[in-house]
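Okay, structure first, notes after.
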Amino acid sequence: MLEGPDLVLAALDASIEFEAIYVDANEAASVEAGELRTRAAAKGVRVFSLAPGVLKRIADAATPQPVLGAIRLPLTSVEDIACAGLVLVLHDVRDPGNAGTLIRSADAAAVTGVVFTGHSVDPFNPKTLRATAGSIFHVSVAVGSLEATLDSFVARGATTLATVVRGGVSHRLVDYSSPTVVVIGNEANGLDEVAVALCDRAVTIEMSGASESLNAGVAGSLVAFEALWQRQATISPPPSPSL
């Protein structure tokens, strides 16, 4: 379920398969709702008006927006994600904000795919979807076990890296020019010894100051953009300034 006009419009632009779109009857005559109906009609998507108060009962947000979309989940398998560039694996990442941030960063940094393993949050949790700001529709997302995921990419020639708070090689000294899988761990506890041992190497983001560690979303984003900068000459279209 997609909550809010921005996320629904992003899904329409990405040609995601919809079941239907629902609009609060109190907002049905608004300019924004009119634009949504026009763009939905162009994609062949049905739009229904719901009686006032209905969306509040079924939406996830405490203060729901007046538009809701029901879509087919664009979930792929681990084997369908190409073994190329950078792949992020989120292992036991439970905060939907972090998960959504990492998908959004993956989209911005031309990451090939994102795999959720262990006890990670549902990638299609409403809070996760909102945090992706629509990037969920542009990045291949899969769910699997950590060991099977790593085995799949290693068999296809990838190098696997575990992110650790200390003791690993600097993430800026790693060569990301060949297929690379980077595993991001749980927000509170990081990766356990078993998960780290499954990877070829451990990497650490060097820091200054008193902070013990970085937020999982920030850490994964830094690695993703380091890989982007190293591979920018091979990416089409090349990265461009965002401001």
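So the values come out like this:
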{"read-out": "Which of C83, C199 has the fewest Cβ neighbours within 10 Å, and the rest in rising order", "value": "C83, C199"}
{"read-out": "Computed magnitude of the charge dipole of region 1-142 (debye, nearest 20; Cβ of K, R +1, Cβ of D, E -1)", "value": "220"}
{"read-out": "Charge dipole magnitude, Cβ of K and R +1, D and E -1 - the chain, Cα centre, debye nearest 20", "value": "440"}
{"read-out": "Listed residues V93, A106, A155: farthest to the positive end of the dipole of the chain (Cβ charges)", "value": "A106"}
{"read-out": "Relative contact order of the chain, pairs being alpha-carbon contacts under 8 Å that are 6 or more residues apart, as %", "value": "20"}
{"read-out": "Of A210, A233, A59, the one that fluctuates the most in a GNM where the chain has Cα springs shorter than 10 Å", "value": "A210"}
{"read-out": "Residue exposure sequence - T38, T180 - by fewest surrounding Cβ within 10 Å", "value": "T38, T180"}
{"read-out": "Dipole moment magnitude, nearest 20 debye, region 2-71 about Cα centre, only Lys, Arg, Asp, Glu C-beta charged", "value": "220"}
{"read-out": "Sorted by Cβ neighbour density within 10 Å, fewest at the top, the residues M1, M207", "value": "M207, M1"}
{"read-out": "Anisotropy class of region 155-243 from Cα gyration tensor, a/c 1.5 cut", "value": "oblate"}
{"read-out": "0 to 90° range, to nearest 10: angle between helix 216-231 axis and the chain longest Cα axis", "value": "70"}
{"read-out": "Antiparallel bridges, percent of DSSP beta bridges restricted to region 107-243 (to nearest 5)", "value": "5"}
{"read-out": "FRET efficiency, 1/(1 + (r/R0)^6) with R0 22 Å, evaluated for T234 and S15 via beta carbons", "value": "0.20"}
{"read-out": "Selected from P52, P179, P96 as most flexible by GNM, with the chain as the system and alpha-carbon contacts under 10 Å", "value": "P52"}
{"read-out": "Gain on full stretching of the segment that runs from A51 to A70 - 0.36 nm per residue minus C-alpha separation", "value": "5.1 nm"}
{"read-out": "Surrounding net charge for G53, when Lys and Arg each add one and Asp and Glu each subtract one, Cβ distance under 13 Å", "value": "0"}
{"read-out": "Sites excluded, trypsin sites (Lys or Arg not before Pro) in DSSP loops with at most 14 other C-beta within 10 Å, longest stretch of the chain", "value": "73-155"}
{"read-out": "Given charges at Cβ of Lys, Arg, Asp, Glu: the chain dipole, positive-most of V115, L146, G168", "value": "V115"}
{"read-out": "For the chain, built as a Gaussian network whose Cα springs stay under 10 Å, the top-fluctuating residue of H91, H138, H119", "value": "H119"}
{"read-out": "Estimated FRET transfer efficiency (T38, H138; beta-carbon r; R0 22 Å; 0.05)", "value": "0.45"}
{"read-out": "With Cα atoms, 0 to 90° folded angle of helix 146-155 axis to the chain main axis", "value": "70"}
{"read-out": "Helix-only CD estimate at 222 nm, as mean residue ellipticity for the chain, using -39500 (n - 2.57) per DSSP H run (n ≥ 4)", "value": "-9000 deg cm²/dmol"}
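Any read-out appearing in this document is the output of simple, stated calculations on the displayed coordinates, not a laboratory observation. What you see is a predicted model; the values in this text were computed from it and never measured. Positions of Cβ are generated from backbone atoms using ideal geometry, with glycine treated the same way; all protein chains shown enter the neighbour counts.
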